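Student: Please read through the structure below; I'll follow up with questions.
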């Protein structure tokens, strides 16, 4: 299920990229590469920009919705919502064991018996 959603998300993102690049910008965009009049012949003069803008809006909404759905589905359940540090403290894996702990000792100096 999650693999299908991620694949669908990737396809939507590629479509979104193509639609954004097809829109005519100040520099012309990729819409000028399709023969110049092809986009105008399919959509009409002004409706080409409107259709691409609406398609961009719909694809962006689907993209964001899928991103939220994927994050909700793939997130861990609420049972393990605790902190990792708290879990480690309860297990005792953060505190060092004191069984084989040897502290360094300062060698005792012999007192001078100069009395």
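All of the numbers you see were taken from the coordinates with simple rules; none came from a lab. Bear in mind that the values here come from a model prediction, so they are computed numbers and not experimental data. Cβ coordinates were reconstructed from backbone atoms using ideal geometry, including for glycine residues, and neighbour counts include every protein chain displayed.
Student: So if each residue of separation counts as 0.36 nm, and I subtract the Cα-Cα distance between residue 15 and residue 57, what length gain in nm does that give?
Tutor: Details: separation 42, 0.36 × 42 = 15.12 nm, distance 1.19 nm.
The residue 15-residue 57 span can extend by a further 13.9 nm.
Student: With r as the distance between the Cβ atoms of residue 74 and residue 102 and R0 = 41 Å, compute the FRET efficiency 1/(1 + (r/R0)^6) and round to 0.05.
Tutor: On the way: r = 47 Å, r/R0 = 1.14.
Between residue 102 and residue 74 the formula returns 0.30.
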